[in-house]
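Before any comments, here is the structure.
Rule-based calculations on the coordinates, nothing more; no lab input. Everything numeric here is computed off the predicted structure, so don't read it as measured data. Using ideal geometry, Cβ is built from the backbone for each residue, glycine included, and neighbour counts are taken over all protein chains shown.
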């Protein structure tokens, strides 16, 4: 596990990003549903200023009946509320060596909220997607420059993925109107996919007849071992488990201190590939493992699952770890493979602890 000294040399640019964005404090894993102020936040450009009364969602392109919907129009439709765990694709980036230069996430870029909105499928069925459409492009109102390209933030999904019943056009978070930083007045929520897919400040949905080649699809969010590679697209969330670090922290290093004795460790696990079927705990940096107790799954399969483990802590220095396995057989690795963007580092969490 890297210490503060290990990640020294952070750039001014990374510090600017870290000051604008924030992770979820790991002690907030105690909440089934993350309070909005504790939920992780990544803002690519600026939070746009939007007049919610004048705002409209436009659905067009290869569409039989183009739509223009106000927030009031959406609220009057049949709505659903779904608990969804969202995780940034860059979570764990700062623990890679060499460290990719971007938002310097450790392990806290995650959160689970109850999102309320309209199933995207219902809107698409009303609009009528033409047979020649291959993808839907989702355009946000946030604009910036990336890769020397001035752009709106845009991502695409295949028609099949877009028609899943759990994909939402969300206008509320945890029973309240979306906060500005979380995409008000409307955002996309795509369960199981890394957070960059859930476009915020949504203004337009466009059906197109070929693969969308925008920056966020063709250049960013791709697995590459070399910058010149085309790479493979980053899509679904790999399995991960996290524990609430036990004991109390040393202020600067966040290293943990606690007394010898029996302690109950608790945490959460999730995966966008399949259901969580196993979580294991180690007190010796992954040399040996024992099964943790899985809590009952959440009513929504798209939300994380709780786990706990009893730990008989004896005096000395320990490194605690946890790892998850999902129903596809995918398991967290002890060490992650490096990629240019620092994406999908789901290596096991390591928590140094001094037991007194």
(request) Could you let me know the centre-to-centre spacing of region 178-240 and region 72-86, using Cα atoms, in angstrom? (result) 20 Å
(message) Which of 68, 161, 148 ends up with the largest GNM mean-square fluctuation for the chain, with Cα atoms connected below 10 Å?
(response) 148
(request) In a Gaussian network model over the chain where Cα atoms closer than 10 Å are linked, find which of 33, 340, 230 has the largest mean-square fluctuation. (result) 230
(message) Can you compute the helix-only [θ] at 222 nm over the chain? Use -39500 (n - 2.57) per DSSP H run of at least 4 residues, normalise by all residues, nearest 500 deg cm²/dmol.
(response) -2000 deg cm²/dmol
(request) Please work out the Cα center distance from region 265-306 to region 106-124, rounded to the nearest Å. (result) 21 Å
(request) Give the value in nm², to one decimal: projected area of the alpha carbon convex hull of region 240-355, averaged over all directions. (result) 8.1 nm²
(request) Mark the label point 7 Å from the Cα of residue 225 along Cα→Cβ and return the residues of region 83-104 whose backbone N is within less than 19 Å of it. (result) 96-100
(request) Find the centroid of the Cα atoms in region 16-45 and in region 130-156, then give the distance between the two in whole Å. (result) 25 Å
(message) Cut-off 10 angstrom, C-alpha nodes, Gaussian network model of the chain. Which of 99, 12, 293 fluctuates the most?
(response) 12
(message) For the ranges 276-289, 106-119, what's the packing order if you count other beta-carbon atoms within 10 Å of each residue, average per peptide, and put the highest first?
(response) 106-119, 276-289
